[in-house]
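Read through the structure below, which is laid out as structure tokens, and then see the notes.
The values are calculated or read from the model by the stated rules, or taken from the named source; none is laboratory data. What you see is a predicted model, and the numbers here were worked out from it, not measured in a lab. Ideal geometry is used to build each Cβ from the backbone, glycine not excepted, and the neighbour counts take in all protein chains shown. Side chains included, ligands, DNA and RNA excluded: accessible areas come from the protein's heavy atoms. Shrake-Rupley method; radii C 1.70, N 1.55, O 1.52, S 1.80 Å.
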Amino acid sequence: MRVIVESEKSCGLEEQEGSGVELLCVVRNLLKKIKRRVLVGDKVLVGSIDWVDRRGMIENVFERKSEVLDPPVANVDHLLVLFSLDQPKLEEFSLTRFLVEAESTRIPVTLALNKAELVDKETVTSWKSKLRSWGYDPIICSVETKDGLDSLQFNLRDQISVIVGPSGVGKSSLINALRSNHFGFGPAEVDDWSSSILGSKWLEDQRVGEVSARSGRGKHTTRHVSLLPLSGGGHVADTPGFNQPSLLKVTKQSLALCFPEVRKILLNSQPLKCAFSNCLHIGEPGCLVKTEWERHPYYLQLLDEIKIREEFQ
Ligand code: GDP
Ligand code: ZN
């Protein structure tokens, strides 16, 4: 069974993909003691199931194939990096930071550019060709006009995805559009998990928790993360991620591999390697990567930032 909604108090699980919350569970104390936090997206082993009341207990968590920390989601298959072409303007360095943070997770990345209706065709074409040279084939979309949402839906099918990007680009609007399926491709087939009987029971559990927490420790809001089933199959996290890409998982040596245009050179030329095993590809003799690639200045800027961080660690 998979956890599709999680908070400190309890988890909502589904057995069949896309069927919504089917079982409400608490986490076994032993798991808590060994600090094994259960995350949304986790596949879990459930015991003590009461099928009448639809309650159970999470006994164990299966190994994760990936994990994102912001928002906390396990077994993420796919990251959708969303930027807007305008309002806010698409900015190369900011986009690079988000892409590098996404690539550093080693989870497959798709890039989408929203608010397409705000710019002319030439602008879109020139961004597309630039981004192709960076190793991306962006999906151009507009939540406003619904253009491109079918491609996005297709792209998210049968996977667990997290949408990441800066504020104001339309992440929440996109999540809402994808969850309600109100964009003209057939009737809304997806029920909101929270409107189901078990979903509202789960929310009720949370509120009970809040009241007691409030009387003890003042105002306390229970944060929860959930996975929303999509009509095309697959799930998307209800909370967008990477508000501020910290690049904490990126090292001096791994940075180059977070740029697809460089990764391609380094991986395709194997068994050939740069002359120095610790090459940072900044013009060392015998380096396979030339310095005249478009994002090289951004690479240098991020490399400096990481060097400073590593020195102070
Ligand atoms: P988030 O901060 O990334 O979650 O962005 P929001 O979803 O809150 O959207 C920010 C603003 O952009 C809101 O006013 C949305 O209505 C607007 N917005 C979202 N998508 C589009 C779009 O495709 N075109 C235009 N013009 N505005 C959009
Ligand atoms: Zn090199």
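In table form, for the structure just shown:
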{"item": "Unmet criterion (only one of (1) closer than 26 Å to His78 by Cβ; (2) assigned to a loop (DSSP other than H, G, I, E, B)) for Ile306", "result": "(2)"}
{"item": "Identity of the residue in segment 26-44, farther than 27 Å from Arg157 by Cβ, touching a residue at least 12 places away in the same chain (Cβ under 8 Å) and not basic (Lys, Arg), that ends up most open to solvent (accessible area, probe 1.4 Å)", "result": "Val26"}
{"item": "Qualifying residue in segment 74-84 (condition: aliphatic (A, V, I, L, M), part of a strand (DSSP E or B) and modelled with pLDDT under 95)", "result": "no"}
{"item": "Segment 105-136 - residue that is within 17 Å of Ser161 (Cβ to Cβ) and away from ligand 1 (no atom under 15 Å from the Cβ) and, of those, most open to solvent (accessible area, probe 1.4 Å)", "result": "Arg106"}
{"item": "Residues of segment 245-281 that turn out to be within 27 Å of Leu69 (Cα to Cα) and within 10 Å of ligand 2 (Cβ to nearest atom), as a count", "result": "2"}
{"item": "Cβ pairs under 8 Å, 6+ apart, first in segment 264-285 and in contact (Cβ under 8 Å) with a residue 24 or more places away in the chain and basic (Lys, Arg), second more than 10 Å from ligand 2 (Cβ to nearest atom) and not in a helix (DSSP H, G or I)", "result": "Lys264/Gly135"}
{"item": "Failed criterion for Ser48 (all others in (1) assigned to a strand (DSSP E or B); (2) under 24 Å from the mean Cα position of the chain (by Cα); (3) of a type in the set (Gly, Ala, Ser) hold)", "result": "(2)"}
{"item": "Residue list for segment 137-161, restricted to those being within 15 Å of ligand 1 (Cβ to nearest atom), aliphatic (A, V, I, L, M) and more than 27 Å from Glu261 (Cβ to Cβ)", "result": "Val143, Leu149"}
{"item": "Any hit, segment 245-267, residues being within 16 Å of ligand 1 (Cβ to nearest atom), open to solvent by less than 50 Å² (accessible area, probe 1.4 Å) and out of contact with any His (no Cβ under 8 Å at 6 or more places or on another chain)", "result": "yes"}
{"item": "Matching entry among Ser94, Ser84 (being in contact with a Gly (Cβ under 9 Å, 6 or more places away or on another chain), under 30 Å from Leu302 (Cβ atoms) and not assigned by TED's automatic domain parsing to the domain that holds Asp205)", "result": "Ser84"}
{"item": "Among residues of segment 1-19, those that are under 14 Å from Leu203 (Cα atoms) and either open to solvent by less than 50 Å² (accessible area, probe 1.4 Å) or not in a loop (DSSP other than H, G, I, E, B) (or both), counted", "result": "8"}
